[in-house]
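These notes concern the structure reproduced below.
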Amino acid sequence: MNKSELINEVAKATGLSKADVDRAIKGILWNVSGALAKGERVTFVGFGTFQRRHRRERIGVNPQNPTEKITIPAKEAAVFVAGSELKETVETGKVPAFDLEPIVKKAIWTKVKDSVKAKVKAKSKAWAKPKAWVKAKSKIKAKAKVKA
């Protein structure tokens, strides 16, 4: 599976647009790469861990001339170590269930909550404005105080 196929599959599974999924994947890859460049580990519990390892200098064989030995220089390399759930999935060949329900419920609840907040805010602004009858009532009270 390549990146565009991954984007299509994730968009289909989540109901998000391909553009949103593409931005999310680019963001994840950018952050994982940045963390590895700093020497940090990136762990997705159950899936696996990305980390940076130092590979020491070693002797290798020139593939164009197998009798010639060459020195392969030391370098930093990105390494992925599979997590327990990924290992089990690969071993059994059974893909785990994909449950988006809690995510969808949270997204819907957030939208509902935001819309309710917006309505309450609009109402509070409406109530904050003095009405004509409130102004008239306050004028009557002020006149009554002056007469007294």
(request) Evaluate the following for residue 77: is it over 17 Å from the mean Cα position of the chain (by Cα), small (Gly, Ala, Ser), exposed (fewer than 10 other Cβ atoms within 10 Å of the Cβ) and at pLDDT below 95? (result) no
(request) Kindly list the number of the only condition in (1) surrounded by fewer than 13 Cβ atoms within 10 Å (Cβ to Cβ); (2) within 21 Å of residue 85 (Cα to Cα) that fails for residue 10. (result) (1)
(request) Give the stretch 62-99 a look and list any residue that's over 18 Å from residue 49 (Cα atoms) and touching a strand residue (DSSP E or B) at 6+ places or on another chain (Cβ under 7 Å), or say none. (result) 62, 68, 69, 70, 71, 72, 74, 75
(request) Quickly run through the stretch 82-101 and pick out the residues that are surrounded by 12 or more Cβ atoms within 10 Å (Cβ to Cβ) and of a type outside the set (Lys, Arg). (result) 82, 83, 85, 86, 88, 89
(message) I want to confirm something. Restricting to the stretch 30-60 and keeping residues that are under 18 Å from residue 81 (Cβ atoms) and among the aliphatic types (A, V, I, L, M), which single residue is farthest from the chain's Cα centre (by Cα)?
(response) 36
(request) Give the residues of the stretch 16-56 that are of a type in the set (A, V, I, L, M, F, W, C), more than 21 Å from residue 2 (Cβ to Cβ) and surrounded by fewer than 11 Cβ atoms within 10 Å (Cβ to Cβ), sorted by residue number. (result) 45
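The values are calculated or read from the model by the stated rules, or taken from the named source; none is laboratory data. Note that the structure is predicted; figures quoted are calculated from it, not measured. A quick note on method: Cβ atoms are made from the backbone with ideal geometry, for glycine too, and the neighbour counts reach across all protein chains shown.
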